[in-house]
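Bear in mind that the values in this text are calculations on the coordinates, not laboratory data. Since the structure is predicted, the reported quantities are computational estimates derived from the model, not experimental observations. Here the Cβ is made from the backbone with ideal geometry for all residues, glycine too, and neighbour counts use every protein chain on show.
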Amino acid sequence: MTKRKERIDRGIKVRSDGIYALNSYREILYLAFPRLLPVVGLLAVVPFFSLYWQEVIASTAIYALLAVSWELLYMTGLISLGQSLFYGVGAYIAGALNASWGFPIYLTVPIATVGGGLLCALMLLPVLRLRGIYFAMVTLVLPLMFSRLVEATRILGGTNGLTGIDSFPNHWISFCLIQIALLVAFFGFRRLEGSDYGLVIKGINDNDRAIMSSGINIYWYKTQVLFLAGAVGCFAGAYGAHHDMFAGMPGFALDYSILPIAAAAVGGMGSFAGPLLGAFILVPLSEILRALGALRIVFYGLFLVFAVVGLPEGLFHFIRRKYEQIERWVEVDK
Amino acid sequence: MRTDSLLTVSNVSKHFGGVVAVNGVTFKLKKGEVIGIIGPNGSGKTTLVNIITGFIRPDKGKIFFKGKDITGCPPYTITDMGIARTFQMIRPFYQLPAYKNLIPSLFSPRVRRLVGGKYGDRDAVAMDILEEVGFERDSSVPYKDARNLPHGYLKRLELGRCIALRPEVIILDELFSGMSIAEVTSTVPIIEKLRDEGIAIVMIEHRLLELFQITGHVLVLNFGRKIAEGTPEEVMNAPEVKEAYLGSEDVAKEEIGC
């Protein structure tokens, strides 16, 4: 007699994704709980944290924005190893507009978001035909190139960076701005993913020739996705510049490229919630580990290895399965 | 270019390195007409389809659609104009339910232009089209993920994706290969219906019996060259065809059953 694990979907799902039959408040709560969790968590719980941890969460949100932006590209089949390109471009645009030309914050952030998104899409336009590792290589090189360009030509403050950037008027504006932006990006992208548009961009990843034979210009769609992902990343950069009152070469540093990918790997790729969850584990974890001093990176690395080996599907997919399915052991006779 | 023909392939050639895949092929397709393209394996049939649909650029020759030169246009532009194709190597979206496989086609600029934004529910339209190509509407089949469907269904899913585009020309690249006899028999009327609706069809096929049932106009390729064109009888009696494609006369007679 052997046993087998049987998995049964909770009976709430009707036929396909996104169509639900709700019969009771309990079922509504069942659906609403995971969706409300980030909203309530970010807007109602975090404000009661100490100032230090609020700042940690704000910087987590920056990484989470980059991770969500990374996931959108990943869904379309564009592997980005250079999220720092978005961060750096956003930071430098906002910084230069504010510090050099005196634009106020309420103009610099929107301009950096939209303009930066356009600029990033434009820069990656020539390599849009590349896929997988080839596209990834170019995205890896671009931010490195930019930081060397700034260093060599001494434009935009050179190695010193741009200082004297306005900070946000007060802590609460700054805090609410980043949390709301994160929620908007997260739920906006989720909505996009569920629409027919999302089906097409995921189709481009799956099987771009079939999408082309459906009469859809995949390069135009990839450009749109690059703009969207770029704009979200550039917003994170613009926010970062005003938050730190500094924009400089560290904006193009590898941290901003690698951490979003690590977050996606830990949290689970293939959904926006995964990278979000990943970022909210990794960044605070790295803060907690500061107590260990020099050993911090060792433990951080060990955690990454264990997380990825132990739950290769990602934490989010694991939790979701436990939440949506009833598991039980049933006996099977041979 | 004369405009009485819908699709004109004029003297098209393509070689890969030293191999001549397609060598000076010319044919014309009129509205509502079905052309069958047959030939041994490796005779350049699929390459020809890839050239017409823009996946491969020809070295020589031109392709005209409704009098317009479409040589070298990207695949999505060609599809957008009204040429839909199936793939011999099926290319469904394996992760998606069958009916969702049609959504990209229904979402395409062409379809949205044709229906003028009033499509209603795309899922419902997708379901109608799937029923048309033989998916049982009231069963779970249209809702199953494509990766769980048998090969015959996936082939018909390819056809459904073409129909969803409301094309003027459909190119079927070995639609029947991998289908069971029953599936082939039930698919033939679908193609005949499309033909009667005035859609021009290019059929690449190895199943001659069904092909000859659908069309009286056949073209034979061998080593990338068109060696014969005409009615099934004319083609099958052409000495080049007997020699190159069917090997010997006896086999030819057996195949077409005359």
Legend entry - Fluctuation leader among A:178, A:297, A:62 - chain A, Gaussian network, Cα springs under 10 angstrom: A:297
Inset, instruction - Could you tell me, in Å, what Rg and Dmax come out for the Cα atoms of segment B:7-256? - result: 18.2, 56
Legend entry - Phi-based couplings in Hz for segment B:99-115 (Karplus 6.51, -1.76, 1.60; Gly and Pro marked x): 5, 5, 4, 8, 4, x, 5, 5, 8, 5, x, 4, 5, 5, 5, 5, 8
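Calculate, in nm to one decimal, what residue A:170 and residue A:253 gain on full extension: separation in residues at 0.36 nm each, minus their alpha carbon distance. Please list the in-between numbers first.
Values: separation 83, 0.36 × 83 = 29.88 nm, distance 2.76 nm.
Using 0.36 nm per residue and subtracting the Cα-Cα distance, I get 27.1 nm.
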Inset, instruction - Note down the nm distance, to one decimal, between modelled labels 7 Å out along Cα→Cβ at residue A:111 and at residue B:128. - result: 5.1
Legend entry - Label zone at residue B:213, where the point sits 7 Å out along the Cα-to-Cβ direction: segment B:149-192 residues whose backbone N lies under 17 Å: B:156, B:174-192
Inset, instruction - Would you please classify the overall shape of segment B:146-217 from the alpha carbon gyration tensor, given that a ≥ b ≥ c denote the square roots of the eigenvalues, rounded means a/c under 1.5, and beyond that prolate means a/b larger than b/c while oblate covers the rest? - result: oblate
Inset, instruction - Could you please rank A:153, B:8, B:77, placing first whichever residue has the fewest other Cβ atoms within 10 Å of its Cβ? - result: A:153, B:77, B:8
Inset, instruction - Extending each Cα 7 Å along its Cβ direction at residue A:299 and residue A:184, get the distance between those two points in nm, one decimal. - result: 3.8
Legend entry - Selected from B:48, B:96, B:29 as most flexible by GNM, with chain B as the system and alpha-carbon contacts under 10 Å: B:96
Legend entry - Relative exposure of A:120, A:234, judged by other C-beta atoms within 10 Å (fewest first): A:120, A:234
Inset, instruction - Over the whole of A:205-211, what's the average partner chain Cβ count within 10 Å per residue? Rounded to a whole number, please. - result: 6
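Calculated FRET efficiency, residue A:322 and residue A:220, Cβ-Cβ r, R0 45 Å, to nearest 0.05? Walk me through the numbers on the way to the answer.
On the way: r = 40 Å, r/R0 = 0.89.
Plugging the Cβ-Cβ distance into 1/(1 + (r/R0)^6) gives 0.65.
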Legend entry - Beta bridges per DSSP with both ends in the protein assembly as shown, % antiparallel, nearest 5: 65
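For the pairs A:202/B:68; B:31/B:144; B:62/B:226; A:222/B:193; B:28/B:193, flag any whose C-alpha to C-alpha distance is greater than 27 Å. If you can, show how the numbers build up before the last one.
Details: A:202/B:68 33 Å; B:31/B:144 36 Å; B:62/B:226 16 Å; A:222/B:193 37 Å; B:28/B:193 21 Å.
Exceeds cut-off: A:202/B:68; B:31/B:144; A:222/B:193.
If neighbour count is taken as other Cβ atoms inside 10 Å, put A:177, B:209, B:194 in order from fewest to most.
Working: A:177 19, B:209 13, B:194 22.
Fewest-to-most ranking of A:177, B:209, B:194: B:209, A:177, B:194.
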Legend entry - Cα-projected label distance for residue A:290 with residue A:152, points at 7 Å along beta-carbon direction, nm: 3.6
